[in-house]
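Colleague: Next up is a structure, given as structure tokens.
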Amino acid sequence: MTKRIVVTGGAGYIGSHVCVELLAGGAAALVIDNFSNAHPEALNRIRELAPGDLEVLERDLADPAQSEDIISAVRDFNPDGAVHLAGLKAVGESVTEPARYYRTNLGAALTLIEALDAADAKNLVFSSSATVYGDRNESPVDESGLTGPTNPYGRTKLFIEDIVRDIAHSDNRWRIVNLRYFNPVGAHASGRIGEDPNDIPNNLFPFIAQVAVGRRDKLQVFGGDYPTPDGTGVRDYIHVTDLARGHVAALDYLAAKKTGGAVDINLGTGKGVSVLEAVAAFKRASNRDIPYDIAPRRDGDIAEIYANADLAQKLLGWRAEKTLEDMCADHWRWQSQNPEGYQS
Ligand code: UD1
């Protein structure tokens, strides 16, 4: 197990689960977060679930005026490596405010790279996304699939992948993994940490969960006429705890790796699930009604995408273990015990 890890965006949905898995495995973590889309209460919950060495630096990685401070704090922490999750992630917002997305996501990544360089800690796991594949591939899609994201958010992910590939190429002491997540859902099995969207959720699971708990009237199913078995969109949903463990496995892989370089690895289950299948599973798990309408397709959506996750198994010895039932049960436990998220 790699020992001292910087986790940017460590108070967020995925970051909080990564911290729990790291701390539970005996690692020390330095969270860097500006809480723009995360709640400080998440840190208390992380401490409760996995007591250990957790430090927190409230800073904005994308603000040049704060970079000196961040670089020296990272150097003082004396890390072995980092998991980089900090960034903006709303697809629609990225279309209306592209400059903010490019400045924030690319700026944050560059500051972290500079800090790791200064600290001589050149192991990096980057939170990328299956969104880099766009709509150009047949599923299951493996890491050799064509890239071509369809919105600015997705392009920030691909650009950062390109940047870290250039960095790895320039200096063979860098060891980097780009983890291409499919659709992270669910919550920690304790129900203590989970996804806490700021506004109306864009993504399917948080929306379903808010309908089930009575915060919203009904789900709009975007498209009932896709060329899929039941006409609704098919995705590869992955439990956030499996995803978090994938990060720990990636850090272990980098720590043991003899050579430098950057490698792209899918994290998914390899199984496609339709919107209606997800709704039915959530209904069973929550024992609540989930009313829905079939609505027009959402702009920019594709019919189907799911992973070939063989490379993660081969290189990291990792594969997703939790089922769709686990994802729904755990997501529901979090939602029902924290109906207003961390404000509850
Ligand atoms: C979206 C983003 C992707 C991002 C990912 C994060 C788009 C086009 N893509 O992926 O870049 O990395 O979230 O997890 O936004 N659906 C409904 N009703 C809803 C919400 C969603 O029917 O209210 C359907 C969608 O049409 C899709 C499926 O549910 O078929 C999953 O949607 P979502 O959770 O938003 O994820 P993606 O679109 O796959």
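Colleague: Compute, for Arg192, the solvent-accessible surface of its heavy atoms (probe 1.4 Å) with the complete set of protein chains present, and express it in square angstrom to the nearest 10.
Modeller: Looks like 80 Å² after rounding.
Colleague: For Asp142 and Phe35 in the same chain, what is the full-extension length gain: residue separation times 0.36 nm, less their Cα-Cα distance, in nm?
Modeller: 35.2 nm
Colleague: I would also like to ask the following. Which lysines, if any, have their Cα less than 17 Å from the Cα of Lys3, not counting same-chain residues under 8 positions apart?
Modeller: Cross-link targets: Lys122, Lys257.
Colleague: Over the heavy atoms of Glu97, what accessible area does a 1.4 Å probe trace out, to the nearest 10 Å²?
Modeller: Its accessible surface works out to 70 Å², give or take rounding.
Colleague: At Asn198 and Ile163, where each label point lies 7 Å from the Cα along Cα→Cβ, what is the point-to-point distance in nanometres?
Modeller: It works out to 2.0 nm between the two label points.
Colleague: Compare Tyr13, Tyr101 by solvent-accessible area with a 1.4 Å probe and give them largest first, with all protein chains kept in place.
Modeller: Greatest to least solvent exposure: Tyr13, Tyr101.
Colleague: Also, quick follow-up: Specify which residue in the list Ser274, Leu251, Gly233 is farthest towards the positive end of the charge dipole of the stretch 140-279, using unit charges on the beta carbon of Lys, Arg (+1) and Asp, Glu (-1), about the Cα centre.
Modeller: Towards the positive end, the residue furthest out is Leu251.
Colleague: Given 0.36 nm per residue, what is the gain on full extension from Asp217 to Val95 after removing their alpha carbon distance, in nm?
Modeller: 41.2 nm
Colleague: Dipole of the stretch 199-337, Cα-centred, from +1 at each Lys and Arg C-beta and -1 at each Asp and Glu C-beta, to the nearest 20 debye?
Modeller: Value, rounded to 20: 380 debye.
Colleague: Once the dipole of the chain is set up with Lys and Arg at +1 and Asp and Glu at -1 on Cβ about the Cα centre, which of Pro64, Gly26, Ile302 lies farthest towards its positive end?
Modeller: Looking along the dipole axis, the top candidate is Gly26.
Colleague: Pop out the ³J(HN,Hα) list for the stretch 220-225 in order, Karplus 6.51 cos²θ - 1.76 cosθ + 1.60 with θ = phi - 60°, rounded to Hz; leave Gly and Pro as x.
Modeller: 9, 8, 7, x, x, 10
Colleague: Counting only heavy atoms of protein chains, what accessible area per residue, in Å², does the stretch 265-307 have with a probe of 1.4 Å?
Modeller: 52 Å²
Colleague: Related question: Would you kindly state how much longer the chain becomes between Arg47 and Glu114 on full extension, computed as 0.36 nm times their sequence separation minus their alpha carbon distance, in nm to one decimal?
Modeller: So the chain would gain 21.3 nm between Arg47 and Glu114.
Colleague: Return the long-range amide H neighbours of Ile238 (sequence gap of 5 or more, or a different chain), with a cut-off of under 5 Å between placed amide H atoms.
Modeller: Close amide H contacts, sequence-distant or interchain: Asn183, Val185.
Colleague: How large is the charge dipole for the chain, taken about the Cα centre, if only the Cβ atoms of Lys, Arg (+1) and Asp, Glu (-1) carry charge, to the nearest 20 debye?
Modeller: The dipole of the chain has a size of about 480 debye.
Colleague: Take Ala295 and Asn78, extend 7 Å from each Cα along the Cα→Cβ direction, and tell me the distance between the two endpoints in nm.
Modeller: 5.3 nm
Colleague: Let me ask something additional. For Ala82, what residues show an amide H to amide H distance below 5 Å, using hydrogens built from the backbone and excluding near sequence neighbours?
Modeller: The answer is Val6, Asn123, Leu124, Val125.
Colleague: Here's a follow-up. Measure off, as a whole percent, the carbon and sulfur share of the 1.4 Å-probe accessible area of the chain, all protein chains present.
Modeller: Percent of accessible area from carbon and sulfur atoms in the chain: 45.
Colleague: Grab the alpha carbons of the stretch 1-82, take their convex hull, and tell me the volume per residue in Å³.
Modeller: Taking only Cα atoms, the stretch 1-82 has a hull volume of 75 Å³ per residue.
Colleague: Packing-wise, with mean Cβ within 10 Å as the measure, how do 163-174, 122-133 rank, highest first?
Modeller: Highest to lowest by the protection proxy: 122-133, 163-174.
Colleague: At 222 nm, what value in deg cm²/dmol follows for the chain if DSSP H runs of at least 4 each add -39500 (n - 2.57) and the sum is divided by all its residues, to the nearest 500?
Modeller: Result for the chain: -12000 deg cm²/dmol, rounded to the nearest 500.
Colleague: Taking only protein heavy atoms into account and a 1.4 Å probe, give the accessible area per residue of the stretch 50-114 in Å².
Modeller: Solvent-accessible surface per residue comes out at 50 Å².
Colleague: State the Cα centre-to-centre distance between the stretch 140-206 and the stretch 45-93 in whole Å.
Modeller: The stretch 140-206 and the stretch 45-93 have Cα centres spaced 17 Å from each other.
Colleague: A follow-up question, please. FRET efficiency for Ser190 and Ala280, Cβ-Cβ distance as r, R0 = 35 Å, nearest 0.05?
Modeller: 0.85
Colleague: Moving to a separate point now. Along its principal axes, what span do the Cα atoms of the chain show, with the longest given first and each in whole Å?
Modeller: Projected onto the principal axes, the Cα atoms of the chain cover 53, 42, 39 Å.
The values are calculated or read from the model by the stated rules, or taken from the named source; none is laboratory data. Bear in mind the structure is a predicted one, so any value in this text is a computation, not a measurement. Positions of Cβ are backbone-derived with ideal geometry, glycine not excepted, and every protein chain shown enters the neighbour counts. Surface areas here come from the heavy atoms of the whole protein model, side chains and all, with no ligands, DNA or RNA. Shrake-Rupley method; radii C 1.70, N 1.55, O 1.52, S 1.80 Å.
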